[in-house]
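Q: Handing you a structure now.
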Ligand SMILES: Cc1cc2nc3c(=O)[nH]c(=O)nc-3n(C[C@H](O)[C@H](O)[C@H](O)COP(=O)(O)OP(=O)(O)OC[C@H]3O[C@@H](n4cnc5c(N)ncnc54)[C@H](O)[C@@H]3O)c2cc1C
Ligand code: FES
Ligand code: FES
């Protein structure tokens, strides 16, 4: 690990100013550090200054009607501990609990998960199915980007130099589910995962698949096949078929393409049925 | 003008000056090498085994993935401090009652993880959730049956594992 100094700004403005004052390749942003420390240790990043977000007022979770806004530096454990998240966004509850262990989730954050943009992220597919948006602050002000445009590839996001993720906004409570396949059910990396959510406002399904590079993706053909509410068995079959056929699923060192495609049908079927129980 | 107060944290009730701690130092190394508290174990150093689990402000944390300077102002409890912590003491007693260890390397991590769960959840919650919540702690001796028995004995509804 290269030597670095730790800068701990007290306000968002100060944090953005500190980032802006240094060449981008010399600074790194630290939230929980559960991804960043590996990049610093492994020499992938050679930051001379590490900017800690721990004093920023972003450890928040606010419901406004059916809209949920989660501050970027809130530890993941606080999301699963919110009773309304469990009741109104069950897929998000499940996805958060799929990340690492309790002790990891006491430090790891939603902002960090988006910032790392891992193809195996358990949160990005669920955020896609929930049509979540990322609120950003930077030297030229604020902007909002849908998760679908924010996450580009592993370690690649739409973040501009000196920009920070402030919060993630989920527009409505949705019947939702998240299912994955791994070697061990907990505390392991997902080989393949399916996130589904039903939008009451839009009367439509959202379906995302994840686990393979370059990034988690939505599959509109599957959404159309599921129809406007309770899908029949043939609807489900067609939806699974369209993912198996159309999704750009590939192999990597964790799993083969064929294995991943085979996992689509059982994961999708069970995930949609789990929501069906809530729709009733 | 007076110089700013040096950064500090508390470890098992004792105040520790963090002024000399380099920004990259992990809490695990601060505990074991700076403070000579060898009860906290290093297993993987990658967040994967839970052997290094301690409590930071009452919540379980992986000391191998925590920068010491980041917990400035916080209170750390390690296995050495468990007897003086109400939940830590209860978990320790439960492990002793069942004999929930073989080589003992994973034990400090399990005890602190369970103490954190007791503080957070009390004695309720389903048995399945308890197992999920212990998923981050590995026992290389595979002595899980007794560990799970000890954990289950801390719950209100005595479920047969
Ligand atoms: C043992 C272990 C198991 C894991 N298991 C899982 C798993 O099952 N599923 C899963 O999805 N992930 C898993 N992870 C990965 C990781 O824990 C998560 O991605 C976590 O959410 C990262 O959050 P963090 O706060 O620790 O991020 P950090 O490490 O602090 O940051 C990650 C990246 O995001 C950037 N960043 C952080 N916050 C911001 C912000 N507010 N604005 C701009 N950029 C920011 C950082 O600069 C860095 O590049 C695991 C990691 C470990 C070590
Ligand atoms: S040493 Fe920290 S989790 Fe293994
Ligand atoms: S008792 Fe040996 S590692 Fe668990």
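Q: Just tell me how shielded B:47-53 is by partners: mean number of partner chain Cβ atoms within 10 Å of each residue's Cβ, no decimals.
A: The per-residue average across the peptide is 4.
Q: Going by Cα centres, the stretch A:184-247 and the stretch A:1-49 are how many Å apart?
A: 36
Q: While we're here: Restricting to chain A, compute how many DSSP beta bridges are antiparallel as a %, nearest 5.
A: For chain A, the DSSP antiparallel bridge percentage is about 85.
Q: Please report, largest first and rounded to whole Å, the three semi-axes of the ellipsoid equivalent to the stretch A:89-243, where each semi-axis is the square root of five times an eigenvalue of the C-alpha gyration tensor.
A: Numbers: eigenvalues 132, 72, 39 Å².
Equivalent-ellipsoid dimensions as semi-axes: 26, 19, 14 Å.
Q: Additional query: By the gyration tensor of its Cα atoms, with a ≥ b ≥ c the square roots of the eigenvalues, what is the shape of the stretch A:5-52: rounded for a/c under 1.5, prolate for a/b over b/c, or oblate? If you can, show how the numbers build up before the last one.
A: Working: a/c = 2.69, a/b = 1.52, b/c = 1.77.
Oblate shape, in that a/c is at least 1.5 and b/c is the bigger or equal ratio.
Q: Tell me the angle of helix A:233-246 to the major Cα principal axis of chain A, expressed in degrees between 0 and 90 and rounded to the nearest ten.
A: 50
Q: To continue, here is another question. Taking a quarter of the surface of the convex hull around the Cα atoms of chain A, what do you get in nm²?
A: 14.1
Q: Is the shape of the stretch A:61-170 rounded, prolate or oblate, going by the alpha carbon gyration tensor and its root eigenvalues a ≥ b ≥ c, with a/c under 1.5 for rounded and a/b larger than b/c for prolate?
A: Prolate is the answer for the stretch A:61-170, as a/c is 1.5 or above and a/b outweighs b/c.
Q: Using 10 Å bins from zero, what percent of all Cα-Cα pairs in the stretch B:8-80 falls into each bin?
A: For the stretch B:8-80, the pair-distance distribution reads 22, 62, 16.
Q: Could you work out the helix-only [θ] at 222 nm for chain A, with each DSSP H run of four or more residues adding -39,500 (n - 2.57) and the total divided by the number of residues, to the nearest 500 deg cm²/dmol?
A: -10000 deg cm²/dmol
Q: Å³ per residue of the Cα convex hull, for the stretch A:2-132?
A: 116
Q: Still on this structure: Which whole number gives the average count of other chain Cβ atoms within 10 Å of the Cβ atoms across peptide B:57-64?
A: Working: counts 1, 0, 7, 8, 5, 8, 1, 1.
Average per residue, whole number: 4.
Q: So what does the Cα-only Debye profile of the stretch A:176-279 read at q = 0.10, 0.20 Å⁻¹, as log10 I(q)/I(0), no solvent term?
A: Once normalised to I(0) and log-transformed, intensities are -0.25, -0.96.
Q: Explain nothing, just the number: relative contact order of chain A, from Cα pairs under 8 Å at least 6 residues apart, as a whole percent.
A: That works out to 16 percent.
Q: Shifting gears a bit: With everything on Cα atoms, drop me the angle between helix A:257-279 and the longest principal axis of chain A, reported from 0 to 90° to the nearest 10.
A: Roughly 80 degrees between the two axes.
Q: By average Cβ neighbour count within 10 Å, what is the ranking of A:59-65, A:95-101 from highest down?
A: Ranked by mean Cβ neighbours within 10 Å, highest first: A:95-101, A:59-65.
Q: Under 1.5 on a/c is rounded, so check that first for the stretch B:59-161, then, if it is not, pick prolate when a/b is larger than b/c and oblate when it is not; a ≥ b ≥ c are the square roots of the alpha carbon gyration tensor eigenvalues.
A: Prolate, because a/c is 1.5 or more and a/b exceeds b/c.
Since every read-out is calculated from the coordinates, none of them should be taken as a lab result. The shown structure was predicted, so the numbers you read here are calculated from the model rather than taken from an experiment. We place every Cβ from the backbone using ideal geometry, glycine too, and count neighbours over all the protein chains shown.
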